[in-house]
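Working notes, structure below.
The values are calculated or read from the model by the stated rules, or taken from the named source; none is laboratory data. Keep in mind that what you see is a predicted model, and the values were worked out from it rather than measured. Every residue, glycine among them, receives a Cβ derived from its backbone with ideal geometry; neighbour counts consider all protein chains shown. Remember, those area values only see protein heavy atoms, side chains included, never the ligands or the DNA or RNA. Shrake-Rupley method; radii C 1.70, N 1.55, O 1.52, S 1.80 Å.
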Amino acid sequence: MAAPSAQTDCPESLLDFVWREKPANDFVILYTASHVSLAEQIHQNYTPVLEAEITRYQQAFGSELLLPITIRIYPSPLEYYCLNPQAPALGPEDLHSHIGEREIALIANVINRSPTTWETRAVNALRHEIAILFGEQLSAGEAPPGLLQGLGGYFEDPAETFPARYQAAGSPVRPDRGWQRLWEEDVSVSDSLVFLQQTSISAFLIDIYGWEQFTAFLRRIPEVQGYRQASQDVYGENLQDLYAYWQRYANGTPAPVEDWHELVQTAQRELMNSPGHRETILNPENTAVGIGMAYHPELGEFRLAQEFIQEYLDQEPLPETAQPGEVLEVRSRLLNGAADPLINLDYEPFPEPMSVEKLRQTGEYRSQAVFILAETPAVAEGQRYRADIILPLGSRAGYYHVRTWVSVAGEEVLAGDVVVTVKGESGG
């Protein structure tokens, strides 16, 4: 439905609407008397999901969403447009939208017309709109509508929503318009071709340049009154150059690497321009660094990672695999003021595959290793020590951690964690 063309298209009876409320901790559902059952269904089925998603998003965006937010159930697009003259565009089959920084809009007659569609898309629809509310808030309402739409798409589960959109868009292989049109035009979320490109831009900016840069970009937009200057300030490149790089990213053509040395130097400069990374790199307490680099030839994507540690052990290698009953010969030398070594043998089962939903609930890796035994070796001349750690007979398959703790300036520090894989059990 198109927006009403004049105020006369909106009946005066809309002014007499009585909105009922159904509150939760982080949001309140507003609905009319004719949509009690829909409000009840949303409250019962989606309250835990919504509140968990809001918490997850607050951690991701580093910002507290102004709570409670409103989920307003509009009877039809007519009420949606008439009560919100500046509302984003709706397509004829659109189930959801948003109003400003605090309201998610649901369209009751579209939901009731396609209840199965609603049930399969509800969680992603809510994720989509919550992400947009955060984007609206970070950008003080200044981010263009297409940029926000792409941000919402980025937070959807692609395995659940994108195959159908890709098919509906005619299986596109390359962009068909520029960023200005994709960001500035107020296009319905049901336009799959536009939506996929908008989401691709957000994925490009986040995957290539990082989440921290993306949120900085959103915050910068209201400060300079425009996304063009904000992109130059945050990404250090003009919009046309970003667009050219995105075209290669979006259509799957590898970005050519003509000078690997310069590529690595550029990555290092970007790390030094990040205050957190710079502080870690220059920290004199870090005594060793591990550097990993990876290149994806199909996508042309380059990644560089650095891991800084304070090295307190010079330990001879242990075998990568072993069997129950074998002896692990630990031979090490203490470094940099470390003293009083304590060796633990811990067991961790092989990891089980995780569902996408379970992965969404995790924010960090936590070791599942449990303690088996401990050994306190004697330190000999030259700060050297040795210990023979026996893998117990009957040991279960899994990862066995040989962890060495040392005392440094009166504090206990984990100085080494070597993992040995045991693939089979042994009786006895």
Only one of these conditions is not met by ASN112: (1) outside any helix (DSSP H, G or I); (2) touching a residue at least 60 places away in the same chain (Cβ under 8 Å); (3) open to solvent by 20 Å² or more (accessible area, probe 1.4 Å). Which number is it? (1)
Out of GLU12, GLU40, GLU51, GLU101, which single residue is surrounded by fewer than 19 Cβ atoms within 10 Å (Cβ to Cβ) and closer than 19 Å to GLU156 by Cβ? GLU51
Across the stretch 6-59, which residue is nearest to LEU126 (Cα to Cα) among those that are among the hydroxyl-bearing types (Ser, Thr, Tyr) and part of a helix (DSSP H, G or I)? TYR46
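From the list SER188, SER139, SER192, exactly one residue is closer than 24 Å to ARG228 by Cα, touching a helix residue (DSSP H, G or I) at 6+ places or on another chain (Cβ under 6 Å), open to solvent by less than 40 Å² (accessible area, probe 1.4 Å) and of a type in the set (S, T, N, Q). Which is it? Can you show your working first?
Working: SER188 fails: touching a helix residue (DSSP H, G or I) at 6+ places or on another chain (Cβ under 6 Å); SER192 fails: closer than 24 Å to ARG228 by Cα.
Going through SER188, SER139, SER192 in turn, just one is closer than 24 Å to ARG228 by Cα, touching a helix residue (DSSP H, G or I) at 6+ places or on another chain (Cβ under 6 Å), open to solvent by less than 40 Å² (accessible area, probe 1.4 Å) and of a type in the set (S, T, N, Q): SER139.
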Candidates LEU66, LEU83, LEU78 - the one that is open to solvent by 30 Å² or more (accessible area, probe 1.4 Å), in contact (Cβ under 8 Å) with a residue 60 or more places away in the chain and in contact with a Pro (Cβ under 8 Å, 6 or more places away or on another chain): LEU78
In the list VAL356, VAL370, which residue meets the criterion of being open to solvent by 60 Å² or more (accessible area, probe 1.4 Å), under 22 Å from PRO324 (Cβ atoms) and under 33 Å from the mean Cα position of the chain (by Cα)? VAL370
Exactly one condition in (1) within 24 Å of ALA143 (Cα to Cα); (2) assigned to a helix (DSSP H, G or I); (3) under 30 Å from the mean Cα position of the chain (by Cα) is false for TRP118; which is it? (1)
Can you work out which of the residues in the stretch 149-185 that are in contact (Cβ under 8 Å) with a residue 40 or more places away in the chain, aliphatic (A, V, I, L, M) and part of a helix (DSSP H, G or I) is surrounded by the fewest Cβ atoms within 10 Å (Cβ to Cβ)? ALA159
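Okay, residues lined up against (1) of a type outside the set (S, T, N, Q); (2) more than 25 Å from ALA164 (Cα to Cα):
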position: ALA60; (1), (2): yes, yes
position: THR70; (1), (2): no, yes
position: ARG102; (1), (2): yes, yes
position: VAL110; (1), (2): yes, no
position: VAL123; (1), (2): yes, no
position: GLN137; (1), (2): no, yes
Considering every residue within the stretch 79-89, establish whether at least one is more than 14 Å from ILE107 (Cα to Cα) and among the small types (Gly, Ala, Ser). no
Residues ALA108, ALA131: which one is at pLDDT 85 or above and out of contact with any Gly (no Cβ under 8 Å at 6 or more places or on another chain)? ALA108
